[in-house]
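Chemist: Encoded as structure tokens, here's the structure I'll be asking about.
The values are calculated or read from the model by the stated rules, or taken from the named source; none is laboratory data. Computed from a prediction, not measured in an experiment: that's the story for all the values here. Methodologically, a virtual Cβ is constructed for each residue, glycine included, from the backbone with ideal geometry; neighbour enumeration extends over all protein chains shown.
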Amino acid sequence: MHLSLPDFSAFRVLVCGDVMLDRYWHGATARISPEAPVPVVQVLGDELRAGGAGNVALNVASLGARARVVGLVGDDEAGRLLEDRLGERGVDCAFERVQDAPTITKLRVISRHQQLIRLDFEERFAAIHAERVLAALEAGLDGVDVLVLSDYAKGTLADVPALIAAAKARGIPVVVDPKGSDFSRYRGATVVKPNLSEFEAVVGPCPDEATLVAKGEALRAELGLEALLVTRGEQGVTLLQKGQPAHHQPTRALEVYDVTGAGDTVSAALGCGIAAGLTLRDATLLANLAAGVVVGKLGTATASIDEIREAMNAHAPIAHGLLDVDAALAACQRARAAGERIAVLLGPLGQPDAALLARLDAARRAAERLLVIEPAATDAGSAAVLAALRPVDWVVQADPIGCATLLLQLRPDALGCDAATAASLPAGLKSALLPGEGVR
């Protein structure tokens, strides 16, 4: 897996949709209320985060792109707090304040890393505000590279066809994170990105991949989309693109802690990828990697370029064969991080024969990975032959200093060498000597 990550700072992403304030009250719980069988929480901390379309915009900014968000908020403290939080993170806010509804707020009470209750403060925004949203969006379209519509069915996108039409009239691609069972509202968008349950609510159950692809292609064609991207949780994502075969990617999450806001991250990364000119497959890979980062965090969260690059490296195949010292060390460290043990044989090992093959097999049985360190003067052809042998993962040619550096940094779980080398080993390495090693 390889993806060249662009510099997103030159690109402008406009996000429009239902913005909300995610509020977290953190506290200690030590007793049950005498008034009802519920825990009493002593609130010790008040945390504010942007949610909904606000979280999409934060994810855009976290990737380094220039983010602007259009949405509806109430004329209240929550709306002002939301705008302040977004502004602090470099997001330009174009909020329309309304008098007949509050800023959407979701309050979560957390104790000992567990959510005890969520309280929602919201009223659906009236359709009469749709013209204000359209005007604010049109005022911000100049110079925009992509429009991301984040629909949480709270009323901000009451006239979503007009928003799509405004962007298309200027040649701006549109990414939609949909809601509800009427996807005809999103006709003509570039990419629509439902999760599996949202997708099945529209097309019906998909008991297998073939059914999903067939129904997805029919829906994509019916709506005139360039692509349909279905996120499928632990099954990864499926991209259905016009004129292309279905493309499946496995999940990129190493650990799942909280899926809150993962869809926002996918929308943001997909939009940034399209803005930067990535192919839809590569933009999907970017989005998949970003989502894998944020599900390992608590609550609504963002993924940075450095975190995505780290995730990409973690999923890349571990190098094999003849390597230099740095590459061998990196490969061993990745294997060790995955819980694998490392065996090391110190050369020169000579030409392969029955005795050497038996020795290599014994070393490999002692660990999941086998590294052979040959002297720097070893013929490259001989080293390549060793690297091609079945028990061997890596061969590195190193001078005495390079060999010592590898051994001290790796601290192998099993070690093989001749008697002269064994005599000079530090005590900590001698304890790793395999039976029969260190006596030749």
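Chemist: Considering each of GLU83, GLU88, GLU131, GLU138 in turn, give the residue that is within 30 Å of GLY27 (Cβ to Cβ) and out of contact with any strand residue (DSSP E or B) (no Cβ under 9 Å at 6 or more places or on another chain). Write out each step before concluding.
Modeler: Values: GLU83 fails: out of contact with any strand residue (DSSP E or B) (no Cβ under 9 Å at 6 or more places or on another chain); GLU131 fails: within 30 Å of GLY27 (Cβ to Cβ); GLU138 fails: within 30 Å of GLY27 (Cβ to Cβ).
After applying the criteria, what remains is GLU88.
Chemist: Condition first: in contact (Cβ under 8 Å) with a residue 24 or more places away in the chain and either of a type in the set (Asp, Glu) or outside any loop (DSSP other than H, G, I, E, B) (or both). Now tell me which residues in region 337-356 satisfy that. Reasoning before the result, please.
Modeler: Looking only at region 337-356, we keep the residues that are in contact (Cβ under 8 Å) with a residue 24 or more places away in the chain, and these are 340-349, 351-352.
Residues satisfying the conditions are GLU340, ILE342, ALA343, VAL344, LEU345, LEU346.
Chemist: What's the number of the only condition in (1) more than 17 Å from GLU83 (Cα to Cα); (2) in contact with a helix residue (DSSP H, G or I) (Cβ under 8 Å, 6 or more places away or on another chain); (3) at pLDDT below 95; (4) not aliphatic (A, V, I, L, M) that ARG12 fails to meet?
Modeler: Unmet for ARG12, out of (1) more than 17 Å from GLU83 (Cα to Cα); (2) in contact with a helix residue (DSSP H, G or I) (Cβ under 8 Å, 6 or more places away or on another chain); (3) at pLDDT below 95; (4) not aliphatic (A, V, I, L, M): (3).
Chemist: In addition: Would you check if ALA377 is without any contact (Cβ under 8 Å) to a residue 24 or more places away in the chain, assigned to a loop (DSSP other than H, G, I, E, B) and small (Gly, Ala, Ser)?
Modeler: yes
Chemist: Working only within region 390-402, note down all residues that are over 17 Å from CYS332 (Cα atoms) and outside any loop (DSSP other than H, G, I, E, B).
Modeler: PRO400, ILE401
Chemist: On to the next question. Any residue at all in region 7-29 that's more than 19 Å from ALA301 (Cα to Cα) and in contact with a His (Cβ under 6 Å, 6 or more places away or on another chain)?
Modeler: Among the residues of region 7-29, not one is more than 19 Å from ALA301 (Cα to Cα) and in contact with a His (Cβ under 6 Å, 6 or more places away or on another chain), which makes the answer no.
Chemist: Report yes if ASP413 is modelled with pLDDT of 90 or more and not β-branched (Val, Ile, Thr), otherwise no.
Modeler: yes
Chemist: Related question: When the residues of region 102-151 are narrowed to those that are assigned to a strand (DSSP E or B) and without any contact (Cβ under 8 Å) to a residue 12 or more places away in the chain, which ends up surrounded by the fewest Cβ atoms within 10 Å (Cβ to Cβ)?
Modeler: GLN114
Chemist: Here's a follow-up. Which condition does THR405 not pass, out of (1) part of a helix (DSSP H, G or I); (2) exposed (fewer than 14 other Cβ atoms within 10 Å of the Cβ), if it passes all the others?
Modeler: (2)
Chemist: Report, by residue number, each residue of region 12-53 that is within 30 Å of SER267 (Cα to Cα) and either charged (D, E, K, R) or not in a strand (DSSP E or B) (or both).
Modeler: ARG12, ASP18, ASP22, ARG23, ASP46, GLU47, ARG49, ALA53
Chemist: Checking HIS129 against (1) in contact with a Leu (Cβ under 9 Å, 6 or more places away or on another chain); (2) within 16 Å of MET20 (Cβ to Cβ); (3) at pLDDT 95 or above, which single condition isn't satisfied?
Modeler: Tallying (1) in contact with a Leu (Cβ under 9 Å, 6 or more places away or on another chain); (2) within 16 Å of MET20 (Cβ to Cβ); (3) at pLDDT 95 or above, HIS129 fails exactly one: (3).
Chemist: Got at least one residue in region 65-87 being closer than 30 Å to HIS129 by Cα, crowded, with 22+ Cβ neighbours inside 10 Å, modelled with pLDDT of 95 or more and not assigned by TED's automatic domain parsing to the domain that holds LEU278?
Modeler: no
Chemist: So, in region 331-364, how many residues would count as being of a type in the set (A, V, I, L, M), out of contact with any strand residue (DSSP E or B) (no Cβ under 8 Å at 6 or more places or on another chain) and under 11 Å from VAL392 (Cα atoms)?
Modeler: Residues in region 331-364 being of a type in the set (A, V, I, L, M), out of contact with any strand residue (DSSP E or B) (no Cβ under 8 Å at 6 or more places or on another chain) and under 11 Å from VAL392 (Cα atoms): 1 in total.
Chemist: Exactly one condition in (1) under 30 Å from the mean Cα position of the chain (by Cα); (2) of a type outside the set (A, V, I, L, M, F, W, C); (3) loosely packed, with under 15 Cβ neighbours inside 10 Å is false for ASP361; which is it?
Modeler: Result: ASP361 fails condition (1) only.
Chemist: Here is a follow-up. Within region 129-141, can one find any residue that is among the hydrophobic types (A, V, I, L, M, F, W, C), under 23 Å from LEU280 (Cβ atoms) and out of contact with any Ser or Thr (no Cβ under 7 Å at 6 or more places or on another chain)?
Modeler: yes
Chemist: Okay, next question. Residues being closer than 21 Å to CYS417 by Cβ and either at pLDDT below 85 or part of a helix (DSSP H, G or I) (or both): count how many of those fall in region 299-336.
Modeler: Number satisfying all stated conditions: 7.
Chemist: Which one is surrounded by the fewest Cβ atoms within 10 Å (Cβ to Cβ), of the residues in region 368-389 that are under 33 Å from the mean Cα position of the chain (by Cα) and at pLDDT 90 or above?
Modeler: Going through the qualifying residues, I end up with ARG369.
Chemist: Could I ask something else about it? For region 191-198, state whether one or more residues are farther than 27 Å from ALA10 by Cβ, without any contact (Cβ under 8 Å) to a residue 60 or more places away in the chain and touching a helix residue (DSSP H, G or I) at 6+ places or on another chain (Cβ under 8 Å).
Modeler: Within region 191-198, one or more residues are farther than 27 Å from ALA10 by Cβ, without any contact (Cβ under 8 Å) to a residue 60 or more places away in the chain and touching a helix residue (DSSP H, G or I) at 6+ places or on another chain (Cβ under 8 Å).
Chemist: Let me ask something else about it. Would you pick out the residues in region 390-427 that are within 24 Å of ALA358 (Cα to Cα), without any contact (Cβ under 8 Å) to a residue 24 or more places away in the chain and within 34 Å of the chain's Cα centre (by Cα)?
Modeler: ARG411
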